[in-house]
Amino acid sequence: MRMKRTTIDRRDFLKRGAALGMGTLIAPAFLRKGWAASKDRVVIFQGVGLDSLHPYAYSGGGIVGIWLHMIEPLVQMDFGRNEYVGVLAESWEFQGKKWVFRLRKGIRFHTGSPFTSKDVVFSLNRMKSDKRSLQGADVADVDVEAADDFTVVMTTKNPSAILLDRLDTRFIISKAAADKFGDQVDNYAIGTGPYKFVSWQRGGNLALTRNDDYWGPKPEIKEVILKGVKEEAARVAGLLAGQADVISNLSIEEIQRVDKHPRTRVEKVPGFRMYFLAMHVTYKPFDNKLVRQAINCAVDPAVIMKHIFDGNGSVLNGPLAANMVGYDLNVKRYPYDPKRARELLTQAGYPNGFEVKLHFSPDRHLKGKEVCEVIANQLAKVGIKVELIGQEYAVYWGKDGVNGGKLPFYYAGRTARDGDTLYEQYFHTGVTKRIGYSNPEFDKLIEEEQKTGDQKKRVAFLQRAERILMEDAPFVPLYTLAEIYGLARNILWKGNPDNRVLAAEMKIKS
């Protein structure tokens with residue numbers, strides 16, 4: 001009888017999940033009774049959704065939180081404790097060129113197969129070898145082997161003090177499931193996480209149900225619907241109408257309305273995401289350092305922070321925020337100086353300025369269009385004529401966009417706790433195609449800090465690297481923003497500083 005009921009419940013939930021994907025908002029016929037989330041189901045609207053069920057064919061921060069419901073990493077940053085804690089790994093040891101991980105025992109995948117070191121080896125090797133993977137660079141120099149069923153040894157070419165940071169968002173999938181389902185394995189989204197996959201529609205809903213056999217604390221909420229809703233106004237409308245219980249990237253002008261509504265409230269958390277303008281240095285005119293410095297002098301992010309974000313954030317002085325490892329208090333941004341910008345452009349051979357396209361993703365970045373409009377206006381004052389190109393996140397961020405190195409000039413954000421994460425992905429020679437930057441002196445500093453176990457020495461290397469970047473100016477640092485969420489009043493959840501919306505962390509006020 002128990003199995004029969006489970007089957008009926010699952011089938012009913014599958015139907016509901018499919019039906020909910022038919023519109024931008026959830027159809028009124030499927031609204032739950034009442035005006036708030038329950039322990040049976042929570043509905044989450046985010047600015048981004050899954051583009052596919054390939055677990056490694058993405059690299060954006062918001063999508064990490066979606067996957068965390070189903071699949072898990074070895075380790076994860078605990079923002080409250082400001083340190084890495086074990087998830088699938090119970091403990092670890094740094095031994096120069098080797099890291100030894102002891103895995104938790106008794107964990108099972110959603111199919112029932114046991115989690116072992118073979119799954120870790122399979123997953124990391126797939127990240128590196130799968131042609132659709134966008135995560136191979138993070139583990140490219142890592143050789144992984146299973147010492148026994150619950151011990152994994154990772155060997156790097158050089159001592160890697162920052163491997164835990166690399167593994168924070170590298171998820172482990174089932175080798176047994178891959179052996180069984182072959183090329184179709186991703187259609188089942190099998191992991192060890194607190195929720196199981198039920199259904200998914202491209203551009204629609206991802207429906208999940210609680211994993212009652214989860215190895216960790218059992219989630220309170222039984223069913224989860226995650227929907228990518230690109231338009232900010234649509235997310236707010238859904239929240240206020242009771243069609244959504246949690247929304248991310250709440251717009252600044254809606255804070256007061258949401259907080260005063262009888263059903264909803266606002267949660268703000270200081271964010272880790274740094275926003276910046278990236279200039280790909282292999283494209284003209286960005287191959288000229290004087291041009292890059294001129295753009296730095298021409299952009300004033302304080303205006304954007306005041307008039308667009310109403311002070312919900314902080315202007316950056318350099319590539320790193322004050323709460324990041326490697327931050328240097330003495331580094332200062334280029335002062336806003338249009339006259340100096342024009343002088344630099346003249347020295348660079350562009351006395352009349354030039355025309356350029358600025359790419360951005362309005363469905364990913366809060367107020368992205370408005371921000372880029374202000375930037376375009378500021379650059380116009382020094383003779384740089386900007387055409388704004390808004391793209392869907394999947395296109396903007398994919399291999400035909402940022403990750404393919406095909407965008408000369410773009411507005412981006414990057415979440416990180418450690419400066420190495422940003423420096424490795426954007427500025428270390430040959431790691432990615434995102435910006436085309438290469439400086440041997442910078443590379444040497446990054447390679448030194450990555451193998452240095454002494455944290456104070458690591459920070460010193462990062463700070464020296466930061467000064468080189470500010471001189472070469474392959475980017476324009478802008479600001480960090482608060483992560484702003486709208487929630488039903490009966491949901492107990494503080495929000496995350498990295499834009500991850502996790503139903504397993506939520507409690508329902510009775």
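Below, the figures for the structure above:
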{"read-out": "Test: residue in the stretch 85-97 that is touching a Ser or Thr at 6+ places or on another chain (Cβ under 7 Å) and modelled with pLDDT under 95", "value": "yes"}
{"read-out": "Leu250, sole failed condition from (1) within 18 Å of Arg489 (Cα to Cα); (2) at pLDDT 95 or above", "value": "(2)"}
{"read-out": "Some residue of the stretch 283-298 being more than 24 Å from Gly405 (Cβ to Cβ) and modelled with pLDDT under 95", "value": "no"}
{"read-out": "Residues of the stretch 109-127 that turn out to be among the β-branched types (Val, Ile, Thr), part of a loop (DSSP other than H, G, I, E, B) and either crowded, with 20+ Cβ neighbours inside 10 Å or in contact with an Asp or Glu (Cβ under 7 Å, 6 or more places away or on another chain) (or both), as a count", "value": "1"}
{"read-out": "Residue in the stretch 244-254 that is in a helix (DSSP H, G or I) and open to solvent by less than 40 Å² (accessible area, probe 1.4 Å) present", "value": "yes"}
{"read-out": "Residue in the stretch 207-223 that is modelled with pLDDT under 95, open to solvent by less than 50 Å² (accessible area, probe 1.4 Å) and assigned to a loop (DSSP other than H, G, I, E, B) present", "value": "no"}
{"read-out": "Any chance Ser160 is at pLDDT 95 or above and not β-branched (Val, Ile, Thr)", "value": "no"}
{"read-out": "Residues located in the stretch 475-501, provided they are assigned to a loop (DSSP other than H, G, I, E, B) and open to solvent by 20 Å² or more (accessible area, probe 1.4 Å)", "value": "Arg489, Asn490, Lys494, Arg500"}
{"read-out": "Hey, Arg333 closer than 16 Å to Met279 by Cβ, open to solvent by 20 Å² or more (accessible area, probe 1.4 Å) and out of contact with any Phe, Trp or Tyr (no Cβ under 9 Å at 6 or more places or on another chain) or not", "value": "yes"}
{"read-out": "Qualifying position, being open to solvent by 20 Å² or more (accessible area, probe 1.4 Å), of a type in the set (Gly, Ala, Ser) and out of contact with any Gly (no Cβ under 6 Å at 6 or more places or on another chain), among Ala460, Ala412", "value": "Ala460"}
{"read-out": "Residue match in the stretch 154-161 (condition: surrounded by fewer than 17 Cβ atoms within 10 Å (Cβ to Cβ) and hydroxyl-bearing (Ser, Thr, Tyr))", "value": "yes"}
{"read-out": "The stretch 418-457, residues that are hydroxyl-bearing (Ser, Thr, Tyr), without any contact (Cβ under 8 Å) to a residue 24 or more places away in the chain and surrounded by 16 or more Cβ atoms within 10 Å (Cβ to Cβ)", "value": "none"}
{"read-out": "Considering residues of the stretch 58-94 that are in a loop (DSSP other than H, G, I, E, B), among the hydrophobic types (A, V, I, L, M, F, W, C) and touching a residue at least 24 places away in the same chain (Cβ under 8 Å) only, the residue surrounded by the most Cβ atoms within 10 Å (Cβ to Cβ)", "value": "Leu74"}
{"read-out": "Residue count for the stretch 128-145, restricted to those that are part of a loop (DSSP other than H, G, I, E, B) and either more than 22 Å from Tyr188 (Cα to Cα) or open to solvent by 70 Å² or more (accessible area, probe 1.4 Å) (or both)", "value": "4"}
{"read-out": "Exclusive hit being part of a helix (DSSP H, G or I), out of contact with any Lys or Arg (no Cβ under 6 Å at 6 or more places or on another chain), surrounded by 15 or more Cβ atoms within 10 Å (Cβ to Cβ) and in contact (Cβ under 8 Å) with a residue 60 or more places away in the chain, set Leu164, Leu226", "value": "Leu164"}
{"read-out": "Subset of the stretch 169-193 that is more than 20 Å from the chain's Cα centre (by Cα) and part of a loop (DSSP other than H, G, I, E, B) - its residue that is farthest from Asn499 (Cα to Cα)", "value": "Ser174"}
{"read-out": "Gly401 vs. criteria within 26 Å of Met324 (Cβ to Cβ), open to solvent by 50 Å² or more (accessible area, probe 1.4 Å), more than 16 Å from the chain's Cα centre (by Cα) and without any contact (Cβ under 8 Å) to a residue 60 or more places away in the chain", "value": "no"}
{"read-out": "All positions within the stretch 373-418 that are under 17 Å from Thr282 (Cβ atoms) and assigned to a loop (DSSP other than H, G, I, E, B)", "value": "Lys399, Asp400, Gly401, Gly405, Lys406, Leu407, Pro408"}
{"read-out": "Arg263 vs. criteria farther than 30 Å from Gly349 by Cβ and open to solvent by 10 Å² or more (accessible area, probe 1.4 Å)", "value": "yes"}
{"read-out": "Residue in the stretch 358-375 that is more than 23 Å from Glu232 (Cα to Cα) and crowded, with 19+ Cβ neighbours inside 10 Å present", "value": "no"}
{"read-out": "Pairs, first crowded, with 17+ Cβ neighbours inside 10 Å in the stretch 95-108, second at pLDDT below 95 and hydroxyl-bearing (Ser, Thr, Tyr), C-beta under 8 Å, six or more apart", "value": "Trp99/Thr156; Trp99/Ser160"}
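Per-residue answers, yes or no, for (1) hydrophobic (A, V, I, L, M, F, W, C); (2) under 20 Å from Tyr327 (Cβ atoms); (3) in contact with a helix residue (DSSP H, G or I) (Cβ under 9 Å, 6 or more places away or on another chain); (4) at pLDDT 95 or above:
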residue	(1), (2), (3), (4)
Phe442	yes, yes, yes, yes
Leu462	yes, yes, yes, yes
Ala488	yes, no, yes, yes
Glu505	no, no, no, yes
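The values are calculated or read from the model by the stated rules, or taken from the named source; none is laboratory data. Just so we're clear, the structure is a prediction, and the values are computed from it rather than from any experiment. Positions of Cβ are generated from backbone atoms using ideal geometry, with glycine treated the same way; all protein chains shown enter the neighbour counts. Protein only, heavy atoms only, side chains kept; ligands, DNA and RNA dropped before computing areas. Shrake-Rupley method; radii C 1.70, N 1.55, O 1.52, S 1.80 Å.
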